[in-house]
1. With springs only between Cα atoms under 10 Å, which of A:Leu282, A:Leu162, A:Leu249 fluctuates most in a Gaussian network model of chain A?
2. Using DSSP to call loops (not H, G, I, E or B), can you name the trypsin sites (Lys or Arg not before Pro) in the stretch A:17-113 whose Cβ has at most 13 other Cβ atoms within 10 angstrom?
3. Note down the net charge around A:His164, summing +1 for each Lys or Arg and -1 for each Asp or Glu among other residues with Cβ under 12 Å from its Cβ.
4. Could you tell me which of rounded, prolate or oblate describes chain A, using a ≥ b ≥ c as the square roots of the eigenvalues of the alpha-carbon gyration tensor, with rounded for a/c under 1.5 and, failing that, prolate when a/b is larger than b/c and oblate otherwise?
5. Can you tell me the orientation of helix A:319-338 relative to chain A, as the angle in degrees between its alpha-carbon axis and the longest Cα principal axis, to the nearest 10?
6. List the GluC sites (Glu not before Pro) within the stretch B:74-125 that fall in a DSSP loop (any state other than H, G, I, E or B) and whose Cβ has at most 14 other Cβ atoms within 10 Å.
7. Shielding by partners for B:39-46, please: the mean number of other protein chain Cβ atoms within 10 Å of each residue's Cβ.
8. Before anything else, pin down the relative contact order of chain B: Cα pairs under 8 Å, at least 6 apart, normalised by residue count, whole percent.
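Readers should treat all values here as calculations from the given coordinates under stated rules, not as data from a laboratory. Just so we're clear, the structure is a prediction, and the values are computed from it rather than from any experiment. Note: ideal-geometry Cβ built from the backbone for every residue, glycine included; neighbour counts use all protein chains shown.
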Amino acid sequence: MTSAPAPSPAALIDADAVRADFPILGERVNGERLVYLDSGATSQKPQAVIDAEVSFLTRANSAVHRGAHTLAAEATELFEDARATVAGFVGAAPEQLVWTSGATAGLNLVAYAIGNASVGRGAPESARFALRPGDEIVVTEIEHHANLIPWQELAARTGAVLRHIPVHDDGTLDLEAAAALIGARTRVVAFTHVSNVLGIVNPVSELVALAQAVGATTVLDACQSAPHLLLDLPALGVDLAVFSGHKMLGPYGIGGLYGRADVLEALPPFLTGGSMITTVTLDEAQYLAPPQRFEAGTQPVSQAIALAAAVRYLQRLGMPAVHAHEKALEARLGDGLRQIDGVRLLGDAPDAERVGLWAFDVDGVHAHDVGQFLDSRGVAVRVGHHCAQPLHRRFGLTASVRASTSVYNTADDVDVFLDALSGVRSFFGVNA
Amino acid sequence: MNGLESLYQELILDHSKRPHGKGLADEAPHSASSHQRNPICGDEITLRVRVSDDGTEVTEVTWDGAGCSISQASASMLVSLLEEEGRMPRAEASTLVEGFREALRSRGELPLDEEVFGDAAALSGVSKYTARVKCAMLAWVAFEDALARA
């Protein structure tokens, strides 16, 4: 069974039917049924995605955007169709979607392109992005390292100052502080749509309004929202946004960078080389328009085509249904976790809009030990700092445990996890 | 849950709850420290070694740190072993760390000899869990590094 059930916007997902599309969910772990609650790290792939990659490689593989033979033309068509499909999934036009190897590459592309603008490359169009000493880049305290370190490096290269919007104890961003921080010197505001630790949907429109009021470029990390929410990036008003294929039922090594047309037009390239030029002499080169300007070298073609299959799978389920399904799992998870003695949820703001993800601390038991215990019951969760050390430090922790859901999780998965977790503290001899 | 109970033996849980040698001794002549981190989980340890005036023997090991039960127990067991031996010759200490590393990297092939490793032999089961080998190695790597500086 490789196709998803028929769409029905009002209906919840039939998770049992969906599960049949994901071969790995039939695996047993330590003799137990696999309960996969680590989709925030990487999602599982439906057979339709695996088939799409195999089918391309076995029937149509050829180099895209070059060559005049039949297969080259077919591969190019499939590759560009995939771009249109994935762009459409986030509300964008095909020329607004740049293929990257993933969100980390997308964020680095943007930071390095701005760095190139800062030394005059791409001028005069790119001058609006140029950073000077004393200019400010604003991020948040809750970012994944991928949306923090590229900005640290850009600040170090340009003399810009990196500032951060703090987070409240309940996991919501301090918007009063943001309003005070984002000012005349702010040139870039980079923030996550949904934190990979807190699971809370951040107020994009408020932050975009603050940034736009001062003419700052906005960069959105949509890694943890693209798999779970109906996205319309142009409507959100951000200038640039990134997401990763492997977190949204797609393969590794492929992701997207969305950009407003005028922003992509004005940004100088980061990686340079083949396939991104119009004219090259021994001394200089002219560059293609976006998105090809940002796609130097051979692209991950089979992965792009398989990502389009993943997107079609999600579209058949319907993103409103996906969100409703995961919201129900999130509520069941949160309610259950609150009832287990010694469990502290990170970012437990009441009434916050969330995706199906909770990170937590178990008093007296280290996250690694919790994860090992759960693994012995077939439950896969993430343990550690989840590439968000500053956020963990903010909450007085070095590590936490994270359970995250996807379309294929069931209420039973949540219950198996909660039942296993409730035995952790007694196993490790911590008094409840 | 047999696998889990072989990993988390009672002895390991006891050591992690009541660790030996935890609390760093003051810096002193012939002492040296090492700070080690496990970047995966953020666990860290600072371990201080003191050697005899002629530098040939380990006379004291203390440590401080935070981490999972495996890393805490392993540090505690290392101190217990050194304390049982009294003053351990430097060469013997190096051999000990080498043997420990070899066993932990053996994916369950080489058990730790209780005669040689004392309570730390209970960590044999860790070698089957490759994701946890670093946890058990942390204190031993810090010991090796500090000793090289002492």
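1. Fluctuation is largest for A:Leu282.
2. Details: sites: A:Arg19, A:Arg28, A:Arg33, A:Arg59, A:Arg66, A:Arg83; in loops: A:Arg66.
Taking the stretch A:17-113 and a limit of 13 other Cβ atoms within 10 Å, the loop trypsin sites (Lys or Arg not before Pro) found are A:Arg66.
3. Working: positive: A:Arg163, A:Arg394; negative: A:Glu136, A:Glu141, A:Glu143, A:Asp174.
Once positives and negatives cancel, what remains is -2.
4. Values: a/c = 2.11, a/b = 1.26, b/c = 1.68.
Note, shape of chain A comes out oblate.
5. 40
6. Numbers: sites: B:Glu83, B:Glu84, B:Glu85, B:Glu92, B:Glu98, B:Glu102, B:Glu109, B:Glu114, B:Glu115; in loops: B:Glu109.
Sparse-neighbourhood loop GluC sites (Glu not before Pro): B:Glu109.
7. Numbers: counts 3, 5, 9, 10, 6, 1, 0, 0.
Taking the mean over all residues of the peptide, I get 4.
8. Working: 276 pairs, mean separation 44.1, N = 150.
About 29 percent, as a whole number.
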